[in-house]
Amino acid sequence: MTATVQGSATLAIAQHHFDTAARQLDLDPSLTAVLRHIKRELVVHFPVEMDDGSFHVYTGFRVQHNIARGPAKGGLRYHPAMTLADARALAMFMTWKAAVVGVPFGGAKGGVVVDPKLLGPTELERLTRRFTTEISLLIGPDRDIPAPDIGTGPQEMAWIMDTLSMHAGYSVPASVTGKPTVIGGSEGRHAATGRGIATVAVQALNDSGIDSAGATVAVQGFGQVGSNTAHLLAAAGLRVVAVSDSRGGVHSGAGLDIHALTALKEEGGALADYGGAETLTNDELLTLGVDLLVPCALEAQITGANAAGVRARVIAEGANAAVDPDGDAVLADRGVLIVPDILANAGGVVVSYFEWAQDLQTFFWAPGEVNARLREVMGRAYDAVRARSQSQNVSLREAAYHIAVANVAEATEVRGIYP
Ligand code: NAD
């Protein structure tokens, strides 16, 4: 598969939300042009030796959208359908996400066009180390700090940290976040995105007049984000009645045992092997009559084509752009409250900021401190977005973009245009 520089549905969504905010904020056209453009992007094609001795050439990307507020920050995705256009879109989301929660980072994203499930561990390590070397032109602790995304996790981050450290000749833990704690990762990072989602979802339920105790929940995607969100919502007293992954899901009106489902997945089983529940498809999960729906898989899961069938009262977007603008419009007409991606899933970048700061200071925090600070940042950001939504009579998404775009615009203006 080769890189495409054509548009993607996700890029169109990212541009739509930015253009709406720029218009609503009456942003100066020159400033609008600056913020709408990608600052820099790198496309790399690189060989990796396979276990059978053959070589395969992979394509990867690193895109920095905006660095007005600080070093670039964003995940690395290993996925066969990854494109340069998707990396641009996801980098834009990262810029707004960091701004809406007030962490001093710009936005970046990257990845490799690869299905990591088809590679053995040594192939994956060689691919990761070579890709890191290829994009080392751009990344580094003061410049651009990668993190996990779909298809990558703590092990890949450890290989990236080690590769950059070998280049430098000394350990550079602040070069990447989402690492194992033994090499400078932060307590609480693994569950951070889920914890942030759970925090704002409960606030949104309460604001909608729904008692979160016993509220019913469906979670699409059971990876790092979805499984932690399901755990934390269940621990907070909500009833998780359905979860799914790429192979489909399970549903039980009485509630699912999330620990048992996690154990099943860790043993290599399928969610469908879980006893005492009915199986269901991803389409069926999205249209369940639940209080809260949390899509934590891929982009554009709820669109103009299926939004009319969605019966949840509140949606918290775990995945970026899980609801597209046509889906937004249908759900708004029906009074469904959507906590937007750039706010809902910002917990990951918040604790990544904590991890980076801890690495730079070589001073580490206890789990309780990380989680308390995360909840405080998410709660404050949610309150600001909700207040703006009410004062301007706009959706939570529009309000979040107002705050984020205005913040990056102010940083750009005060720095001035060089030279
Ligand atoms: P992951 O690879 O750990 O998990 C992805 C999950 O989605 C898996 O359970 C997979 O089976 C499932 N999935 C894939 N295709 C699906 C489909 N068509 N239908 C249903 N399920 C499907 O990835 P993750 O880190 O959990 O990320 C999930 C989403 O959250 C992504 O969109 C990512 O960009 C976003 N996100 C992640 C973080 C983070 O900290 N990891 C932060 C912010 C946003």
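The values are calculated or read from the model by the stated rules, or taken from the named source; none is laboratory data. What you are looking at is a predicted structure, and each value in this text was computed from that prediction instead of being measured. Methodologically, a virtual Cβ is constructed for each residue, glycine included, from the backbone with ideal geometry; neighbour enumeration extends over all protein chains shown. Accessible surface areas use protein heavy atoms only, side chains included; no ligands, DNA or RNA. Shrake-Rupley method; radii C 1.70, N 1.55, O 1.52, S 1.80 Å.
Worth pointing out:
- Looking across 86, 52, one residue alone is open to solvent by 10 Å² or more (accessible area, probe 1.4 Å), within 16 Å of the ligand (Cβ to nearest atom) and acidic (Asp, Glu). It is 86.
- All positions within the range 244-270 that are near the ligand (Cβ under 9 Å from one of its atoms) and either open to solvent by 50 Å² or more (accessible area, probe 1.4 Å) or hydrophobic (A, V, I, L, M, F, W, C) (or both): 246, 247, 265
- Of the criteria (1) away from the ligand (no atom under 14 Å from the Cβ); (2) in the same structural domain as residue 290 (by TED's automatic domain parsing); (3) buried (at least 19 other Cβ atoms within 10 Å of the Cβ), which one residue 219 fails: (1)
- Residue count for the range 303-315 under the criterion of being surrounded by fewer than 19 Cβ atoms within 10 Å (Cβ to Cβ) and either assigned to a loop (DSSP other than H, G, I, E, B) or in contact with an Asp or Glu (Cβ under 9 Å, 6 or more places away or on another chain) (or both): the result is 6.
- Within the range 407-419, the set of residues being part of a helix (DSSP H, G or I) and either in contact with a Ser or Thr (Cβ under 7 Å, 6 or more places away or on another chain) or surrounded by fewer than 16 Cβ atoms within 10 Å (Cβ to Cβ) (or both) comprises 408, 410, 413, 414, 415.
- Test for residue 68: is it within 25 Å of residue 388 (Cβ to Cβ) and not in a helix (DSSP H, G or I): yes
- Looking only at the range 119-168, and only at residues there that are within 23 Å of residue 192 (Cβ to Cβ) and open to solvent by 60 Å² or more (accessible area, probe 1.4 Å), the one that is nearest to the ligand (Cβ to nearest atom): 155
- Top-ranked residue of the range 333-352 - restricted to ones that are touching a strand residue (DSSP E or B) at 6+ places or on another chain (Cβ under 8 Å) and not β-branched (Val, Ile, Thr), ranked as nearest to the ligand (Cβ to nearest atom): 348
- Among all residues of the range 151-160, there is at least one that is of a type in the set (Ser, Thr, Tyr) and in contact with a strand residue (DSSP E or B) (Cβ under 8 Å, 6 or more places away or on another chain).
- Counted residues, the range 345-373 - those being in a helix (DSSP H, G or I), surrounded by 17 or more Cβ atoms within 10 Å (Cβ to Cβ) and in contact with a Phe, Trp or Tyr (Cβ under 9 Å, 6 or more places away or on another chain): 7
- Residue satisfying all of: in the range 286-302; more than 13 Å from the ligand (Cβ to nearest atom) and in a loop (DSSP other than H, G, I, E, B); nearest to residue 209 (Cα to Cα) among these: 291
Residue by residue, here is whether (1) basic (Lys, Arg); (2) touching a residue at least 40 places away in the same chain (Cβ under 8 Å) holds:
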position: 279; (1), (2): no, no
position: 291; (1), (2): no, yes
position: 324; (1), (2): no, yes
position: 331; (1), (2): no, no
position: 334; (1), (2): yes, no
position: 351; (1), (2): no, yes
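- Residue 150 fulfils the conditions (1) modelled with pLDDT under 95; (2) touching a Leu at 6+ places or on another chain (Cβ under 6 Å) except for a single criterion, (2).
- Filter pass, residue 381 being of a type in the set (A, V, I, L, M), away from the ligand (no atom under 16 Å from the Cβ) and not assigned by TED's automatic domain parsing to the domain that holds residue 153: no
- Hits in the range 9-26 - residues which are open to solvent by 30 Å² or more (accessible area, probe 1.4 Å) and at negative phi: 9, 12, 15, 16, 19, 23, 24, 25
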